[in-house]
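Asker: Sharing a structure with you now.
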Amino acid sequence: MHRRTFLRTGSTLTAASLLMPSTALFAATQPKFSLNYAPHPGTFKSKGGEAYLDQVRFAADQGFTAWEDNNIKRQTPEMQEKIGAELARLGMTMGVFVAYGSFDRPTFARKDKATWDEVTRTVSDSVAVAKRIGATWMTVVPGSVDQQHKDDPKWNQFGGPRLAEGYQFANAIELLRRLSAVLEPHKMIMVLEPLNWHANHGGTFLTRSDQAYAICKAVNSPSCKILFDLYHQQITEGNLIPNLDACWDEIAYLQSGDNPGRKEPGTGEINYRNVFQHIYKKGFKGVIGMEHGNAKPGAEGEQAVIDAYRVADAFAR
């Protein structure tokens with residue numbers, strides 16, 4: 001009997017309970033969403049259970065067709081293999097994990113051999129992780145701007161960058177080309193995520209969609225693309241649909257989250273039904289990572305997340 005089918009007799013229930021995760025026994029399969037929304041560990045820990053794979057199975061039962069885990073590199077290789085196998089069994093797509101993330105150092109903007117070698121090793125090591133979990137995409141956060149810090153002996157009240165922006169831009173492109181050469185043979189893609197300065201990540205090098213677009217065009221590699229996070233870009237620049245269109249050919253991955261609050265669609269100012277409909281009509285087949293929290297705690301809050309995506313999903317069956 002299929003794990004998502006209701007168990008109708010006591011004897012069947014007893015036998016099945018020996019074989020199935022407890023969270024799956026009473027789960028009814030819901031229609032699949034029109035787009036590949038990807039929950040993450042913890043999104044459904046009350047309704048799905050504390051166990052990692054039970055949460056994955058619960059998400060699949062609710063119609064989600066993808067999964068995202070920024071911190072999956074912290075799992076053991078054995079667990080990564082299990083996660084990849086279960087996603088494959090369920091027909092779910094693995095979304096991004098963080099291959100390299102730097103927020104407060106000018107790792108890409110300033111040329112430094114030791115730092116660049118470290119970044120290259122970290123991304124190279126991420127290839128094996130991606131293969132174990134069946135991932136195509138990995139997030140790379142290219143550090144901060146090369147800016148004087150208040151603790152620098154040469155700091156003054158004007159602050160300001162040590163390097164002109166053009167040099168920082170050129171340095172980032174050089175390192176990204178090096179990383180692309182690592183990933184291209186494996187047909188893997190690092191996605192660069194512009195982050196907002198106002199609510200979360202002040203000082204990061206990459207902030208705007210046009211900046212990310214220019215970088216990807218300059219790197220000119222199928223392994224260097226944009227992660228367009230709708231939450232971050234609503235804060236930084238707004239104008240979401242026109243900006244999506246303007247850099248569409250370099251976008252490989254999307255993430256969602258309403259603003260203010262960074263919770264599920266419908267809790268803030270973004271008209272996610274319109275945005276998702278636009279993305280659907282453009283034929284997007286990739287993943288939309290649900291990189292946000294739940295507005296309410298517990299099982300009630302988790303159901304509210306599911307319901308919010310049903311409402312926002314423009315073409316849900």
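Read-outs: derived from the displayed coordinates by stated rules, not from any lab. None of these values were measured; they are calculated from a predicted model. Cβ coordinates were reconstructed from backbone atoms using ideal geometry, including for glycine residues, and neighbour counts include every protein chain displayed.
Asker: Using a Förster radius of 25 Å, what is the FRET efficiency between residue 239 and residue 164 based on their Cβ-Cβ separation? Nearest 0.05, please.
Answerer: After rounding to 0.05, the efficiency reads 0.35.
Asker: Along the range 295-308, what does the Karplus equation 6.51 cos²θ - 1.76 cosθ + 1.60 (θ = phi - 60°) give for ³J(HN,Hα), rounded to whole Hz, x for Gly and Pro?
Answerer: 5, 10, x, x, 4, 4, x, 5, 5, 4, 5, 4, 5, 4
Asker: With no solvent and one equal point scatterer per Cα, compute the Debye intensity ratio I(q)/I(0) for the range 207-317 at 0.12, 0.16 Å⁻¹ and report its log10, rounded to two decimals.
Answerer: -0.42, -0.72
Asker: How large is ³J(HN,Hα) for each residue in the range 206-223, as worked out from phi by the Karplus curve 6.51 cos²θ - 1.76 cosθ + 1.60 (θ = phi - 60°), to whole Hz, x for Gly and Pro?
Answerer: Result, rounded to whole Hz: 9, 10, 10, 5, 5, 5, 4, 4, 5, 5, 5, 4, 6, 5, 6, 9, x, 9.
Asker: Also, I was wondering about something else. For the chain, what relative contact order do you get, as a whole percent, if you take Cα pairs closer than 8 Å and at least 6 residues apart?
Answerer: With pairs under 8 Å counted, the relative contact order is 17 percent.
Asker: Quick one: which residues, 5+ away or cross-chain, put their amide H under 5 Å from the amide H of residue 102? H built at 1.01 Å from N.
Answerer: For residue 102, whose amide H was placed from the backbone, the distant partners under 5 Å are 141, 143.
Asker: Give the residue from 272, 142, 84 lying farthest towards the positive end of the charge dipole for the chain; charges sit on Cβ (+1 for Lys and Arg, -1 for Asp and Glu) and the dipole is referred to the Cα centre.
Answerer: With unit charges placed on the Cβ atoms, the residue in question is 84.
Asker: Turning to a different aspect of this structure: Among rounded, prolate and oblate, which fits the range 68-220 when a ≥ b ≥ c are the square roots of the eigenvalues of its C-alpha gyration tensor, a/c under 1.5 means rounded, and a/b larger than b/c means prolate?
Answerer: Judged from the Cα gyration tensor, the range 68-220 comes out prolate (a/c at least 1.5, a/b above b/c).
Asker: Follow-up question, since we're still on this one. Please compute the length gained on full extension between residue 274 and residue 112, using 0.36 nm multiplied by the number of residues separating them and subtracting their Cα-Cα distance.
Answerer: Working: separation 162, 0.36 × 162 = 58.32 nm, distance 4.42 nm.
That works out to 53.9 nm of additional length.
Asker: Taking the Cα centre of the chain as the origin, how large is its charge dipole in debye, to the nearest 20, when only Lys and Arg (+1) and Asp and Glu (-1) carry charge on their Cβ atoms?
Answerer: Approximately 720 debye in magnitude.
Asker: Computed from the mean reciprocal separation of all distinct C-alpha pairs, what Kirkwood hydrodynamic radius does the chain have, in Å?
Answerer: 20.8 Å
Asker: Let me ask another. Can you give the Rg to Rh ratio of the range 49-124, both from alpha-carbon atoms, with Rh computed by the Kirkwood formula?
Answerer: Using Cα coordinates only, the ratio equals 1.12.
Asker: HN-Hα J couplings of the range 65-78 from phi, Karplus 6.51/-1.76/1.60, θ = phi - 60°, integer Hz, Gly and Pro as x?
Answerer: My calculation for the range 65-78 gives 10, 8, 8, 9, 8, 4, 9, 5, 5, 6, 6, 5, x, 5 Hz in order.
Asker: Still on this structure, I have one more. Please list the non-local residues whose amide H lies under 5 Å from the amide H of residue 65, H modeled 1.01 Å from N, same-chain partners needing a gap of 5 or more.
Answerer: Here the answer is 33, 37, since their amide H atoms fall under 5 Å of that of residue 65.
Asker: Within the range 93-116, what residues put their amide N at less than 19 Å from the label point 7 Å along the Cα-to-Cβ vector of residue 128?
Answerer: Under cut-off, by backbone N: 97-101.
Asker: What do you get for the angle between helix 52-61 and the principal long axis of the chain? Use alpha-carbon atoms, 0 to 90 degrees, nearest ten.
Answerer: 70 degrees
Asker: Sticking with this one: Order of 281, 113, 217 from fewest to most other C-beta atoms within 10 Å?
Answerer: 113, 281, 217
Asker: Further question: Given a Förster distance of 22 Å, report the FRET efficiency between residue 120 and residue 248 from their Cβ-Cβ distance, rounded to the nearest 0.05. Show your work: numbers first, answer last.
Answerer: On the way: r = 29 Å, r/R0 = 1.33.
The pair residue 120/residue 248 has a calculated efficiency of 0.15.
Asker: Using the 10 angstrom Cβ neighbour count as an exposure proxy, how do 111, 187 rank, fewest first?
Answerer: By the 10 Å Cβ count, ascending, the order reads 187, 111.
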